Amino acid sequence: VILEGDGGVGTIKVITFGEGSQFKSVKQRVDNINKENLTYSYSIIEGDALTDVLESINYHVKIVPAADGGSICKNRSIYNTKGDAEISEEKIKEGKEKAMGIFKAVEAYLQANPDAYN
């Protein structure tokens, strides 16, 4: 659900997670969209996924051409902690695995339904 904006930079959205998720919702801000360079950046700025340790999480996504004619999605995540709080490598790995699971599910859906995004 969009709270503010038109989908472009500065837009604030609330993402509500479905049944089976350990989190209820997050508030997300669109930070950058560059269609020419195929980059997209957004931040999680509120929500139970931040727990009591994180101030925010910044995500940077870039699509680059693959040698086989397809595409490669590169994703970088920056975890901004509150004060001197630290996050274990195990928790970061756990978060990456969950994000990859969501990405793979979306990828599989779009491959099975190519007209869904046209």
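Could you tell me which of the pairs K24/K62; K13/K91; K74/K98; K62/K104; K35/K62; K62/K96 are separated by over 19 angstrom between their Cα atoms in the structure shown?
Working: K24/K62 27 Å; K13/K91 25 Å; K74/K98 16 Å; K62/K104 16 Å; K35/K62 10 Å; K62/K96 16 Å.
From the list (K24/K62; K13/K91; K74/K98; K62/K104; K35/K62; K62/K96), the Cα-Cα distance tops 19 Å for K24/K62; K13/K91.
Quick one: 3J(HN,Hα) in Hz for the range 14-30, Karplus 6.51/-1.76/1.60 with θ = phi - 60°, rounded, Gly and Pro as x.
Result, rounded to whole Hz: 10, 9, 9, 8, x, 4, x, 7, 7, 10, 8, 6, 9, 9, 10, 10, 7.
Would you mind calculating the relative contact order of the chain from Cα pairs under 8 angstrom and at least 6 residues apart, reporting the percent as a whole number?
Relative contact order comes out at 14 percent.
Are there trypsin sites (Lys or Arg not before Pro) in the range 69-101 that DSSP marks as loop and that have at most 13 other Cβ atoms within 10 Å, and which are they?
K82
Taking a probe of 1.4 Å, how large is the accessible area per residue of the chain, in Å²?
For the chain, the per-residue accessible area is 73 Å².
How tilted is helix 89-112 with respect to the longest principal axis of the chain? Cα atoms for both, answer in degrees (0 to 90, nearest 10).
Once rounded, the angle reads 30 degrees.
How long is the gain from A116 to K13 if the chain were fully straight, where each residue apart is worth 0.36 nm and the alpha carbon distance is subtracted?
On the way: separation 103, 0.36 × 103 = 37.08 nm, distance 2.12 nm.
Result: 35.0 nm gained on full extension.
Using a 7 Å offset from the Cα along the Cα-to-Cβ direction at both D48 and I2, what is the distance between the two label points in nm, to one decimal?
Once both label points are built, they end up 2.7 nm from each other.
One quarter of the convex hull surface, Cα atoms only: what value does that give for the chain in nm²?
Values: hull surface 36.5 nm².
Mean orientational projected area (the chain, Cα hull): 9.1 nm².
Counting only protein heavy atoms and using a 1.4 Å probe, what share of the accessible area of the chain belongs to carbon plus sulfur, as a whole percent?
Looking at the chain in its full context, I get 53 percent from C and S.
The values are calculated or read from the model by the stated rules, or taken from the named source; none is laboratory data. All values reported here derive from a predicted model rather than from experimental measurement. Virtual Cβ from ideal backbone geometry, glycine too; neighbours counted across all protein chains shown. What goes into the accessible areas is simple: the full protein's heavy atoms, side chains included, and nothing from ligands, DNA or RNA. Shrake-Rupley method; radii C 1.70, N 1.55, O 1.52, S 1.80 Å.
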